[in-house]
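The values are calculated or read from the model by the stated rules, or taken from the named source; none is laboratory data. Please read these numbers as outputs of a predicted model, since none were measured by experiment. Here the Cβ is made from the backbone with ideal geometry for all residues, glycine too, and neighbour counts use every protein chain on show.
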Amino acid sequence: MLIPAAMKQTIRDLKRVSRSRTPYRAKQWFKWLSPGLSLKRWLVVSATGMVLALLGIAIWTKLTPVYYLLQFVETALTTIATRVPNYISGPLVVISGILLLLWGQTRTMGSIHDALKPEDNGELIDALMERRRLHRGPKIVALGGGTGLSTLLRGIKTYSANITAVVTVADDGGSSGRLRREIGVLPPGDIRNCLAALADEETLLAELFQYRFQGGTGLSGHSFGNLFLAAMADITGDLEQAVVASSQVLAVRGEVLPATLTDVTLWAELADGRRIQGESSIAEARGKIVQVGCVPETPPPLPRVIEAIAKAEVIVIGPGSLYTSVIPNLLVPDIVEAIAHSSALRIYVCNIMTEPGETDGYTVSDHILAIDRACGDRPIFDAVVVQKSKPSARSLIRYAQKQSHPVDLDLDVVERLGRQVILANIMSEDRESGMVRHDSLKLARTLAQQFSAKR
């Protein structure tokens, strides 16, 4: 019988797909035997337990079921061997057993996959191995605030799930400032950004958390996440518990902690003698900052922050606005003390561009010295990450119009301060707008390389 050409092509395609899928499926199955998943030992334990349970039942019933079972098996095997040659019946039984085993295991794993990740088309074993890798990642503590900290977190969560983000609570502008003034809650904005950045998958729920109302009496300018955290803080009693509850909702990798639960107000003294009160007013004052502090003068830290720093293998400070995002965390004396006594790899991520009103004309060493002064003239980090190349001419012109320029590396001064310089291309540049930011993945890769080298 002649087979149409189209059918022949279909058969060839099916054979090719079958051949290409077979090695893939075999590879996926062998992954279950990979070391570190802790599956093989428990499968052996389970099988041993089943055998012992059946043996116990047999002993309990005086072996009668075992006797009849063995007799039945013997009769069945004798009958099969008599009627069907053993060189046929043996392989048939073996193949049938293997097929049933594979079918049962495939359906079992499929059911587990559908229950754990119903919308994910990837393999369950890959998801389990990825989860195991992340939970074995280094213990990282990241301190900062603003968009800089959330940018960092979005990258390092791909290397570890053991992350503690320590967030400043000095913000008094925008939606956070309004909630702080009107209902007395600690500013939730930076915490909200960090929770969204650490969400296991930045899905629709994370987007909802970041949603900002555009209209409505009293709602305009507020983000849904800020209102959610404010409500949770009122229900649970404090911001720490509100963050824990929100972390569970968003399936956060790691944890986000406020540096303190004290209502902190930031102040700055300028070179012209002015004293500026409030985080949002400092940059607007447009003066050279000589000193920063807070009221109360020595806010107590959150105990879990100190515990996280004590256990940390890597401590990252920044990136972010020097005086309004990075240094406010270091105005909590016990946090500085804990970092100073830590044996972790301590790294500061320097900003790429200067910030008008805060760091006009600052070099890398100026950033370092400002942090040292805030910490009582004691060095609390060993190395500084600096962007290697300059932004494009278009970006430089755009920033120059706002009196912002690249942070120059004065290498000799930095080395005299005893800090290692890590030069790396960690910049993300929008070609259309000319906006310059740290690249989450590039920055995380650089930090991971430093940690691996230290290990």
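Would you check if there is a residue in the range 372-381 being touching a strand residue (DSSP E or B) at 6+ places or on another chain (Cβ under 7 Å) and more than 17 Å from GLY144 (Cα to Cα)? Break it down stepwise before answering.
The initial filter retains those residues of the range 372-381 that are touching a strand residue (DSSP E or B) at 6+ places or on another chain (Cβ under 7 Å), namely 374, 380-381.
So of that shortlist, the ones also more than 17 Å from GLY144 (Cα to Cα) come out as none.
No, there is no match, as no residue in the range 372-381 is touching a strand residue (DSSP E or B) at 6+ places or on another chain (Cβ under 7 Å) and more than 17 Å from GLY144 (Cα to Cα).
Taking the stated definitions as given, is ALA165 touching a residue at least 60 places away in the same chain (Cβ under 8 Å), touching a Ser or Thr at 6+ places or on another chain (Cβ under 8 Å), outside any helix (DSSP H, G or I) and of a type in the set (Gly, Ala, Ser)? Don't jump to the end; show me each part of the working.
Working: touching a residue at least 60 places away in the same chain (Cβ under 8 Å): yes; touching a Ser or Thr at 6+ places or on another chain (Cβ under 8 Å): no; outside any helix (DSSP H, G or I): yes; of a type in the set (Gly, Ala, Ser): yes.
Considered against the rule, which asks whether it is touching a residue at least 60 places away in the same chain (Cβ under 8 Å), touching a Ser or Thr at 6+ places or on another chain (Cβ under 8 Å), outside any helix (DSSP H, G or I) and of a type in the set (Gly, Ala, Ser), ALA165 comes out as no.
Output the residues belonging to the range 270-302 that are of a type outside the set (A, V, I, L, M, F, W, C), part of a strand (DSSP E or B) and under 33 Å from the mean Cα position of the chain (by Cα).
Going residue by residue through the range 270-302, those that are of a type outside the set (A, V, I, L, M, F, W, C) are 272-275, 277-281, 284, 286-288, 291, 293, 296-301.
With the extra rule that they be part of a strand (DSSP E or B), the set shrinks to 275, 277, 291, 293.
Matches in the range 270-302: GLY293 only.
Exactly one of these conditions fails for VAL185: (1) surrounded by 15 or more Cβ atoms within 10 Å (Cβ to Cβ); (2) out of contact with any Gly (no Cβ under 6 Å at 6 or more places or on another chain); (3) closer than 25 Å to ALA312 by Cβ. Give me its number.
Condition not satisfied by VAL185: (3).
Farther than 29 Å from VAL295 by Cα, of a type in the set (A, V, I, L, M) and touching a helix residue (DSSP H, G or I) at 6+ places or on another chain (Cβ under 9 Å): which single residue out of ALA338, ALA383, ALA370 fits that description? Quick ask: steps written out before the conclusion?
Working: ALA338 fails: farther than 29 Å from VAL295 by Cα; ALA370 fails: farther than 29 Å from VAL295 by Cα.
One residue alone meets the criteria, ALA383.
I need the helices (runs of 4 or more DSSP H) fully contained in the range 359-450, keeping only those with at least 1 residues that are without any contact (Cβ under 8 Å) to a residue 12 or more places away in the chain and closer than 22 Å to LEU330 by Cα.
Values: elements: 364-374, 393-400, 411-416.
Of the helices (runs of 4 or more DSSP H) lying wholly inside the range 359-450, those with at least 1 residues that are without any contact (Cβ under 8 Å) to a residue 12 or more places away in the chain and closer than 22 Å to LEU330 by Cα span 364-374.
Could you identify the single residue in ARG373, ARG394, ARG378, ARG416 that is within 15 Å of LEU322 (Cβ to Cβ) and of a type in the set (Lys, Arg)? If you could, list the steps in order and put the result at the bottom.
On the way: ARG394 fails: within 15 Å of LEU322 (Cβ to Cβ); ARG378 fails: within 15 Å of LEU322 (Cβ to Cβ); ARG416 fails: within 15 Å of LEU322 (Cβ to Cβ).
Being within 15 Å of LEU322 (Cβ to Cβ) and of a type in the set (Lys, Arg) holds for just one of ARG373, ARG394, ARG378, ARG416, which is ARG373.
Out of SER223, SER247, which single residue is under 23 Å from the mean Cα position of the chain (by Cα) and buried (at least 22 other Cβ atoms within 10 Å of the Cβ)?
Values: SER247 fails: buried (at least 22 other Cβ atoms within 10 Å of the Cβ).
The conditions single out SER223.
Kindly indicate the residue of the range 332-358 that is among the aliphatic types (A, V, I, L, M) and part of a loop (DSSP other than H, G, I, E, B) and also surrounded by the most Cβ atoms within 10 Å (Cβ to Cβ) among those meeting that condition.
Ranking the qualifying residues of the range 332-358, first place goes to VAL332.
Of all residues in the range 129-159 being surrounded by fewer than 19 Cβ atoms within 10 Å (Cβ to Cβ) and of a type in the set (A, V, I, L, M, F, W, C), which is modelled with the lowest pLDDT?
Once the filter is applied, the top-ranked residue is MET129.
Within 28 Å of the chain's Cα centre (by Cα) and at positive phi: which single residue out of GLY434, GLY361, GLY418 fits that description?
Working: GLY361 fails: within 28 Å of the chain's Cα centre (by Cα); GLY418 fails: within 28 Å of the chain's Cα centre (by Cα).
After applying the criteria, what remains is GLY434.
Within the range 262-269, is there a residue that is under 25 Å from the mean Cα position of the chain (by Cα) and among the aromatic types (Phe, Trp, Tyr)?
Let us first name the residues in the range 262-269 that are under 25 Å from the mean Cα position of the chain (by Cα), namely none.
No - not one qualifying residue is present in the range 262-269.
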